[in-house]
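Reviewing the structure listed below.
The values are calculated or read from the model by the stated rules, or taken from the named source; none is laboratory data. Just so it is clear, the model here is predicted, and its values are computed rather than measured. Positions of Cβ are backbone-derived with ideal geometry, glycine not excepted, and every protein chain shown enters the neighbour counts. When the accessible area is computed, the model is the full protein with side chains, heavy atoms only, and any ligands, DNA or RNA have been set aside. Shrake-Rupley method; radii C 1.70, N 1.55, O 1.52, S 1.80 Å.
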Amino acid sequence: MKKRVAVLISGRGSNLKALIDACATTDFPAEIALVVSNKADAAGLAVARDAGIPAVVIPHVDFASREAFDSAIDAGLERARIDIVCEAGFMRIHSDAFVRKWEGKMLNIHPSLLPAFKGIRVHQQALDAGVKISGCTVHFIVAELDSGPIVAQAAVPVLPGDSVESLSARVLVEEHRIYPEALRLLAEGSVRLENGRAVFC
Ligand code: GRF
(Lines give C-alpha, C1' and ligand atoms only; values in the text may rest on other atoms or scores of the structure.)
Protein backbone atom coordinates (compact mmCIF):
# COMPACT_ATOMS: atom_id res chain seq x y z
CA MET A 1 0.00 0.00 0.00
CA LYS A 2 1.46 3.38 -1.00
CA LYS A 3 1.85 5.95 1.79
CA ARG A 4 -0.42 8.95 1.39
CA VAL A 5 1.60 12.16 1.43
CA ALA A 6 0.56 15.77 1.96
CA VAL A 7 2.89 18.52 0.75
CA LEU A 8 2.73 21.86 2.55
CA ILE A 9 3.81 24.86 0.50
CA SER A 10 3.82 28.65 0.57
CA GLY A 11 5.25 29.51 -2.86
CA ARG A 12 6.77 28.33 -6.11
CA GLY A 13 6.37 24.59 -5.62
CA SER A 14 9.42 23.29 -7.50
CA ASN A 15 10.13 20.72 -4.78
CA LEU A 16 6.46 19.78 -4.88
CA LYS A 17 6.87 19.14 -8.61
CA ALA A 18 9.95 16.97 -7.97
CA LEU A 19 7.97 14.92 -5.43
CA ILE A 20 5.01 14.58 -7.80
CA ASP A 21 7.32 13.38 -10.59
CA ALA A 22 9.01 10.87 -8.29
CA CYS A 23 5.66 9.50 -7.14
CA ALA A 24 4.72 8.93 -10.78
CA THR A 25 7.65 6.52 -11.26
CA THR A 26 7.16 2.77 -11.07
CA ASP A 27 7.23 1.24 -7.60
CA PHE A 28 7.61 4.54 -5.72
CA PRO A 29 6.21 3.77 -2.25
CA ALA A 30 4.24 7.01 -1.86
CA GLU A 31 1.60 9.10 -3.59
CA ILE A 32 0.81 12.80 -3.16
CA ALA A 33 -2.78 12.87 -1.93
CA LEU A 34 -3.06 16.50 -0.84
CA VAL A 35 -1.36 19.87 -1.20
CA VAL A 36 -1.93 22.57 1.39
CA SER A 37 -0.86 26.19 0.97
CA ASN A 38 -1.18 28.97 3.50
CA LYS A 39 -1.05 31.45 0.59
CA ALA A 40 -3.80 31.74 -2.00
CA ASP A 41 -1.34 33.06 -4.62
CA ALA A 42 1.24 30.29 -4.24
CA ALA A 43 2.36 29.21 -7.72
CA GLY A 44 2.64 25.66 -6.42
CA LEU A 45 -1.15 25.39 -6.27
CA ALA A 46 -1.25 25.31 -10.07
CA VAL A 47 1.48 22.64 -10.06
CA ALA A 48 -0.78 20.50 -7.87
CA ARG A 49 -3.91 21.14 -9.91
CA ASP A 50 -2.09 20.39 -13.18
CA ALA A 51 -1.21 17.01 -11.72
CA GLY A 52 -4.81 16.43 -10.64
CA ILE A 53 -3.94 16.55 -6.94
CA PRO A 54 -6.42 18.10 -4.50
CA ALA A 55 -5.02 21.45 -3.36
CA VAL A 56 -6.46 23.53 -0.55
CA VAL A 57 -5.64 26.99 0.76
CA ILE A 58 -5.70 27.44 4.52
CA PRO A 59 -4.68 31.07 5.10
CA HIS A 60 -2.86 31.44 8.42
CA VAL A 61 -4.15 35.00 8.66
CA ASP A 62 -7.68 33.62 9.14
CA PHE A 63 -6.73 32.11 12.50
CA ALA A 64 -6.26 33.77 15.86
CA SER A 65 -3.41 31.53 16.96
CA ARG A 66 -0.75 29.16 15.66
CA GLU A 67 -2.62 26.33 17.42
CA ALA A 68 -5.90 27.11 15.64
CA PHE A 69 -4.17 27.28 12.26
CA ASP A 70 -2.41 23.97 12.88
CA SER A 71 -5.70 22.36 13.99
CA ALA A 72 -7.24 23.31 10.66
CA ILE A 73 -4.28 21.80 8.80
CA ASP A 74 -4.43 18.70 10.95
CA ALA A 75 -8.15 18.27 10.22
CA GLY A 76 -7.39 18.46 6.49
CA LEU A 77 -4.62 15.88 6.84
CA GLU A 78 -6.89 13.53 8.78
CA ARG A 79 -9.72 13.91 6.26
CA ALA A 80 -7.34 12.96 3.47
CA ARG A 81 -6.01 10.00 5.53
CA ILE A 82 -2.44 11.32 5.26
CA ASP A 83 0.46 9.17 6.48
CA ILE A 84 3.42 11.49 5.77
CA VAL A 85 3.76 15.29 5.61
CA CYS A 86 6.44 16.91 3.41
CA GLU A 87 7.07 20.59 3.89
CA ALA A 88 8.46 22.25 0.78
CA GLY A 89 8.97 25.97 1.18
CA PHE A 90 6.22 26.18 3.81
CA MET A 91 6.91 29.43 5.65
CA ARG A 92 5.09 28.88 8.95
CA ILE A 93 6.38 27.55 12.25
CA HIS A 94 4.18 24.86 13.82
CA SER A 95 2.80 24.60 17.32
CA ASP A 96 4.41 22.00 19.59
CA ALA A 97 1.24 19.90 19.64
CA PHE A 98 1.18 19.61 15.85
CA VAL A 99 4.87 18.69 15.71
CA ARG A 100 4.42 16.07 18.46
CA LYS A 101 1.45 14.53 16.68
CA TRP A 102 3.27 14.19 13.34
CA GLU A 103 6.73 13.51 14.76
CA GLY A 104 8.56 10.87 12.74
CA LYS A 105 6.15 11.33 9.85
CA MET A 106 7.05 14.87 8.84
CA LEU A 107 9.97 15.99 6.67
CA ASN A 108 11.29 19.40 5.63
CA ILE A 109 13.83 20.52 3.04
CA HIS A 110 16.22 23.32 3.89
CA PRO A 111 18.66 24.92 1.41
CA SER A 112 21.84 24.62 3.47
CA LEU A 113 24.01 21.95 5.01
CA LEU A 114 22.39 21.96 8.43
CA PRO A 115 23.24 22.68 11.17
CA ALA A 116 24.81 25.63 9.30
CA PHE A 117 22.61 28.55 8.29
CA LYS A 118 19.17 27.99 9.80
CA GLY A 119 16.21 30.30 9.28
CA ILE A 120 15.74 32.63 6.34
CA ARG A 121 18.01 34.30 3.70
CA VAL A 122 19.99 31.08 3.84
CA HIS A 123 22.08 31.55 0.68
CA GLN A 124 22.99 35.09 1.73
CA GLN A 125 24.13 33.68 5.08
CA ALA A 126 26.33 31.16 3.25
CA LEU A 127 27.82 33.83 0.96
CA ASP A 128 28.43 36.16 3.92
CA ALA A 129 30.22 33.38 5.80
CA GLY A 130 32.45 32.72 2.82
CA VAL A 131 31.92 28.95 2.88
CA LYS A 132 33.28 27.02 -0.10
CA ILE A 133 30.64 24.33 0.07
CA SER A 134 26.90 24.64 0.63
CA GLY A 135 24.01 22.35 -0.15
CA CYS A 136 20.68 21.14 1.15
CA THR A 137 19.25 18.98 3.88
CA VAL A 138 16.10 16.90 4.31
CA HIS A 139 15.34 16.40 7.99
CA PHE A 140 12.60 15.22 10.30
CA ILE A 141 10.67 18.17 11.70
CA VAL A 142 11.03 18.64 15.44
CA ALA A 143 9.95 21.52 17.68
CA GLU A 144 13.14 23.53 17.19
CA LEU A 145 13.32 25.24 13.77
CA ASP A 146 15.57 23.62 11.11
CA SER A 147 17.02 21.26 13.70
CA GLY A 148 15.59 17.78 13.27
CA PRO A 149 17.52 14.59 12.62
CA ILE A 150 18.99 14.50 9.11
CA VAL A 151 17.65 12.05 6.54
CA ALA A 152 19.55 13.21 3.43
CA GLN A 153 22.06 15.87 2.41
CA ALA A 154 23.82 16.94 -0.76
CA ALA A 155 26.71 19.37 -1.19
CA VAL A 156 27.50 21.82 -3.98
CA PRO A 157 30.50 24.11 -4.45
CA VAL A 158 30.20 27.82 -3.76
CA LEU A 159 31.99 29.42 -6.70
CA PRO A 160 33.82 32.74 -6.89
CA GLY A 161 31.39 35.43 -7.99
CA ASP A 162 28.32 33.46 -6.89
CA SER A 163 25.17 35.45 -6.19
CA VAL A 164 22.18 34.34 -4.14
CA GLU A 165 20.51 33.49 -7.47
CA SER A 166 23.34 31.40 -8.90
CA LEU A 167 23.97 29.56 -5.63
CA SER A 168 20.29 28.88 -4.98
CA ALA A 169 19.85 27.53 -8.52
CA ARG A 170 22.79 25.12 -8.01
CA VAL A 171 21.42 23.98 -4.65
CA LEU A 172 17.88 23.62 -6.02
CA VAL A 173 19.00 20.95 -8.51
CA GLU A 174 20.18 18.88 -5.56
CA GLU A 175 17.02 19.60 -3.54
CA HIS A 176 14.96 18.10 -6.33
CA ARG A 177 17.14 15.00 -6.26
CA ILE A 178 17.38 14.32 -2.52
CA TYR A 179 13.84 15.17 -1.42
CA PRO A 180 12.30 12.30 -3.40
CA GLU A 181 15.09 10.01 -2.13
CA ALA A 182 14.37 10.96 1.46
CA LEU A 183 10.64 10.50 0.99
CA ARG A 184 11.28 7.07 -0.46
CA LEU A 185 13.37 6.08 2.56
CA LEU A 186 10.64 7.17 4.99
CA ALA A 187 7.75 5.74 2.97
CA GLU A 188 9.36 2.32 2.59
CA GLY A 189 10.38 2.21 6.26
CA SER A 190 14.14 2.46 5.63
CA VAL A 191 14.49 5.38 8.02
CA ARG A 192 12.66 6.18 11.23
CA LEU A 193 12.90 8.71 14.01
CA GLU A 194 13.92 7.06 17.27
CA ASN A 195 14.97 8.81 20.48
CA GLY A 196 15.75 11.98 18.58
CA ARG A 197 17.93 10.26 15.97
CA ALA A 198 17.32 9.21 12.38
CA VAL A 199 17.80 5.43 12.34
CA PHE A 200 18.47 3.80 8.97
CA CYS A 201 17.80 0.14 8.37
C1 GRF B 1 13.52 25.71 -1.33
O2 GRF B 1 14.78 26.27 -1.54
C3 GRF B 1 13.48 24.99 -0.01
O4 GRF B 1 14.68 24.39 0.34
C5 GRF B 1 13.15 26.10 0.94
O6 GRF B 1 12.26 26.93 0.25
C7 GRF B 1 12.45 26.76 -1.15
C8 GRF B 1 11.14 26.34 -1.72
O9 GRF B 1 11.18 26.29 -3.12
N10 GRF B 1 12.64 25.57 2.19
P11 GRF B 1 9.99 25.61 -3.93
O12 GRF B 1 8.70 26.27 -3.49
O13 GRF B 1 10.01 24.14 -3.60
O14 GRF B 1 10.30 25.87 -5.36
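Tabulated data for the structure shown
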| item | result |
| --- | --- |
| Qualifying position, being within 11 Å of the ligand (Cβ to nearest atom) and assigned to a loop (DSSP other than H, G, I, E, B), among Gly119, Gly104, Gly135 | Gly119 |
| Condition met for Ala97 (more than 22 Å from Thr137 (Cβ to Cβ), within 15 Å of the ligand (Cβ to nearest atom) and without any contact (Cβ under 8 Å) to a residue 40 or more places away in the chain) | no |
| Hits in region 1-25 (condition: within 11 Å of the ligand (Cβ to nearest atom) and either open to solvent by 20 Å² or more (accessible area, probe 1.4 Å) or outside any strand (DSSP E or B) (or both)) | Ser10, Gly11, Arg12, Gly13, Ser14, Asn15, Leu16, Lys17, Ala18, Leu19 |
| Residue that is most open to solvent (accessible area, probe 1.4 Å) [pool: residues in region 43-94 that are among the small types (Gly, Ala, Ser) and assigned to a loop (DSSP other than H, G, I, E, B)] | Ala64 |
| Residues that are within 16 Å of Arg121 (Cα to Cα) and either touching a strand residue (DSSP E or B) at 6+ places or on another chain (Cβ under 6 Å) or exposed (fewer than 13 other Cβ atoms within 10 Å of the Cβ) (or both), drawn from region 151-165 | Val158, Ser163, Glu165 |
| Any hit, region 153-164, residues being in contact with a Ser or Thr (Cβ under 7 Å, 6 or more places away or on another chain), farther than 11 Å from Leu107 by Cβ and assigned to a loop (DSSP other than H, G, I, E, B) | yes |
| Some residue of region 166-187 being more than 15 Å from the ligand (Cβ to nearest atom) and outside any helix (DSSP H, G or I) | no |
| In region 132-162, residue nearest to Ser95 (Cα to Cα) [restricted to those that are without any contact (Cβ under 8 Å) to a residue 12 or more places away in the chain and not acidic (Asp, Glu)] | Leu159 |
| Region 32-42, residues that are of a type outside the set (Val, Ile, Thr) and either without any contact (Cβ under 8 Å) to a residue 12 or more places away in the chain or open to solvent by less than 70 Å² (accessible area, probe 1.4 Å) (or both) | Ala33, Leu34, Ser37, Asn38, Asp41, Ala42 |
| Candidate set: region 95-110, residues that are under 15 Å from the mean Cα position of the chain (by Cα) and open to solvent by 50 Å² or more (accessible area, probe 1.4 Å); chosen: the one farthest from Leu8 (Cα to Cα) | Glu103 |
| Test: Gly148 is buried (at least 18 other Cβ atoms within 10 Å of the Cβ), assigned to a loop (DSSP other than H, G, I, E, B) and either more than 13 Å from the ligand (Cβ to nearest atom) or not hydrophobic (A, V, I, L, M, F, W, C) (or both) | yes |
| Residue within region 111-131 that is loosely packed, with under 14 Cβ neighbours inside 10 Å, without any contact (Cβ under 8 Å) to a residue 24 or more places away in the chain and of a type in the set (Val, Ile, Thr) present | yes |
